[in-house]
Amino acid sequence: MKKSYIHIFNLIVTLIIINSCYSQNNYQVKYKMTTLFDGVKNYEAKLTFSEQNSCFEYKLSTKDTATVESQDENGNKTIAIPNVNQQSIFINFKDKKISELKHLKYLVEDTLSIPQWDITDLIKTINNYQCQKATTFYKGRFYEVWYAIEYPSIFGPWKLNGLPGLIILAQDKKNEVYFEAIEIKKIDKNTCQIDNSMKKIAKNEFDNLIKKRQKDYEERLKSMGDRNLKLSVKFGKAIDIEILD
């Protein structure tokens, strides 16, 4: 039976436990991360977190960084250019802020949104961790996750946060996004920090910038060939975890 109504209570209890047990402690979690948009893509991914802050870093494995070209039966051509740079997501839970490092150049800032979780009674052991099941619809995808009861952390991979336990396994309903914790260890200090010298930009400004860059690139390609060609260029298609309207 779903228990979304106890979500707020669970978070309060979690924060109390974290304050008493996890204060001044830092942890690092390595995740097996894969996506399936234009073929299976594998990533090097890790989560670093303390009491109120986290950083999730991920980067395409070398073998999965090639540009992918495809053409449909009508001759429409699509070029998918994967983002080969390391992506970093910084979360400040106390201030409800999220910052994302984009293309090693921009620090995209936004207000942190927490998924609305439905917590179930289902329990099972995953990689020797006792886990409880929760689900949510977030950023355009329906996720099923399992979080570790023994690790009272509000953080998880990517932007999946706000549960009363560290997320061990997460997968979307379409089987296009997959995270699985394969190693959890305590570290001396948080090794993932925001570089304040980076150029800061609001999320809506960055989205508009990418759309303009994509359009300019399409026009440049068309100028070198058939102007009537229907061409679609998708930047970073290999990491489109978030589905935008």
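The values are calculated or read from the model by the stated rules, or taken from the named source; none is laboratory data. Nothing here was measured: the structure is a model prediction, and the numbers come from that model. Note: ideal-geometry Cβ built from the backbone for every residue, glycine included; neighbour counts use all protein chains shown.
How many residues are part of a helix (DSSP H, G or I) and either surrounded by 15 or more Cβ atoms within 10 Å (Cβ to Cβ) or of a type outside the set (Asp, Glu) (or both) if we restrict to region 194-210?
6
Which of the strands (runs of 3 or more DSSP E) found entirely inside region 139-193 contain at least 3 residues meeting this: touching a Gly at 6+ places or on another chain (Cβ under 8 Å) and of a type in the set (A, V, I, L, M, F, W, C)?
166-172
Could you figure out which of (1) at pLDDT below 75; (2) assigned to a loop (DSSP other than H, G, I, E, B); (3) of a type outside the set (A, V, I, L, M, F, W, C); (4) surrounded by 13 or more Cβ atoms within 10 Å (Cβ to Cβ) isn't true of residue 245?
All conditions pass for residue 245, except number (4).
If you go through region 37-49, how many residues are over 14 Å from residue 61 (Cα atoms) and surrounded by fewer than 20 Cβ atoms within 10 Å (Cβ to Cβ)?
Residues flagged as over 14 Å from residue 61 (Cα atoms) and surrounded by fewer than 20 Cβ atoms within 10 Å (Cβ to Cβ) within region 37-49 amount to 2.
Is there a residue in region 160-179 that is surrounded by fewer than 21 Cβ atoms within 10 Å (Cβ to Cβ), touching a Ser or Thr at 6+ places or on another chain (Cβ under 9 Å) and farther than 27 Å from residue 38 by Cβ?
No, every residue in region 160-179 fails to be surrounded by fewer than 21 Cβ atoms within 10 Å (Cβ to Cβ), touching a Ser or Thr at 6+ places or on another chain (Cβ under 9 Å) and farther than 27 Å from residue 38 by Cβ.
Given the structure, is residue 119 surrounded by 15 or more Cβ atoms within 10 Å (Cβ to Cβ), more than 20 Å from residue 47 (Cβ to Cβ) and either under 15 Å from the mean Cα position of the chain (by Cα) or not polar (S, T, N, Q) (or both)?
Yes; evaluated as a whole, the condition is true for this residue.
When you scan region 98-115, how many residues do you find that are in contact with a Ser or Thr (Cβ under 6 Å, 6 or more places away or on another chain) and crowded, with 20+ Cβ neighbours inside 10 Å?
Qualifying residue count for the region: 2.
Residue 169 passes all but one of (1) in contact with a Pro (Cβ under 8 Å, 6 or more places away or on another chain); (2) at pLDDT 95 or above; which number fails?
(1)
Which one of these is modelled with pLDDT under 95 and not hydrophobic (A, V, I, L, M, F, W, C): 174, 159, 124, 133?
174
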